[in-house]
Structure formats: C-alpha cells, structure tokens
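Below you'll find the structure, written out as structure tokens, and then a few comments.
Coordinate-derived values only; no laboratory data. Being a predicted model, the structure only gives us computed values, none of them experimental. Glycine gets a Cβ as well: all are built from the backbone with ideal geometry, and neighbour counts include every protein chain shown.
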Amino acid sequence: MNTQKYNLRDFDFAKIARKEVNSRVRIRLLVLANLKDGTEQVQIAKALKISAVYSLQGVYRLLHHLGFSWISSRSVHLKYDEKAQETYKKNFMKLVEENLPPKYQFKRC
C-alpha cells in the first residue's frame with residue numbers, strides 16, 4: 001500500500017478558498033490558511049466571526065472534555081461551631097478592651 005504524506009506548507013489555502021463555492025469549505029480553508037501563517041485559534045475565530053451555540057448539556061460535555069469539574073460551595077463551613085461563635089460574640093468587647101492600647105480606651109455607654 002502506497003501512502004502519500006502531504007505537507008500543509010505545500011498548499012496555498014487562501015488561493016484555494018477564493019475559488020471555493022461552498023461557504024463552509026471556504027471558512028475551513030481560511031482557518032487552515034491562518035493556522036499555517038501562525039495565527040492563534042482565538043484570533044482566527046474572532047476575525048472570521050465564528051461562534052458556536054451550545055445546549056446546556058453540550059456545555060457540560062465540552063467542559064468535561066476540557067478537564068473541568070463541577071465545584072459547588074457548601075451551605076455551612078466544615079469548621080462551623082455555633083457555640084464558639086456565640087461565646088466570641090459575648091466576649092468580644094472584653095477582648096477589645098484587653099487588647100487596645102491605653103490611648104485608645106473608651107468608656108461604655
């Protein structure tokens with residue numbers, strides 16, 4: 001079996017795209033021409049005004065394919081302690097009075 005290898009540098013994709021009648025093929029050829037010139041994929045998409053419309057399931061599938069995972073916040077922190085919080089609230093003024101320098105002392109109303 002004779003397999004022939006092609007080099008992308010051997011083709012002038014912009015010239016081929018100008019002659020192409022099918023618009024989808026023309027866009028693909030323009031993308032290849034820009035990639036061949038070293039343009040980044042994001043810049044190519046912006047220049048050609050290529051956008052994609054995804055369903056919610058499609059977005060989840062795409063994110064999974066890209067290696068993202070779903071992370072959600074907890075409703076209550078793991079180290080939450082209601083008793084410790086109430087004790088802190090009760091002793092807050094005492095802690096402030098003990099730790100403030102003398103020139104910042106204040107009188108309780």
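Summary table below
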| read-out | value |
| --- | --- |
| Region 80-109 residues that are touching a residue at least 12 places away in the same chain (Cβ under 8 Å), paired with ones that are loosely packed, with under 10 Cβ neighbours inside 10 Å (beta carbon under 9 Å, 6 or more apart) | Met93/Arg108 |
| Residues of region 55-91 satisfying the condition of being among the hydrophobic types (A, V, I, L, M, F, W, C) and in a helix (DSSP H, G or I) | Leu56, Val59, Leu62, Leu63, Ala84 |
| Selection within region 1-54 - of a type outside the set (A, V, I, L, M), surrounded by 10 or more Cβ atoms within 10 Å (Cβ to Cβ) and not in a loop (DSSP other than H, G, I, E, B) | Phe13, Lys15, Arg18, Arg26, Arg28, Asn34, Lys36, Asp37, Gln41, Gln43, Lys46 |
| Some residue of region 43-58 being closer than 20 Å to Leu8 by Cα and touching a residue at least 12 places away in the same chain (Cβ under 8 Å) | yes |
| Subset of region 47-96 [of a type in the set (S, T, N, Q) and within 27 Å of Arg28 (Cβ to Cβ)] | Ser51, Ser55, Gln57 |
| Answer from Val31, Val53 - the residue that is farther than 30 Å from Tyr6 by Cα and under 25 Å from the mean Cα position of the chain (by Cα) | Val53 |
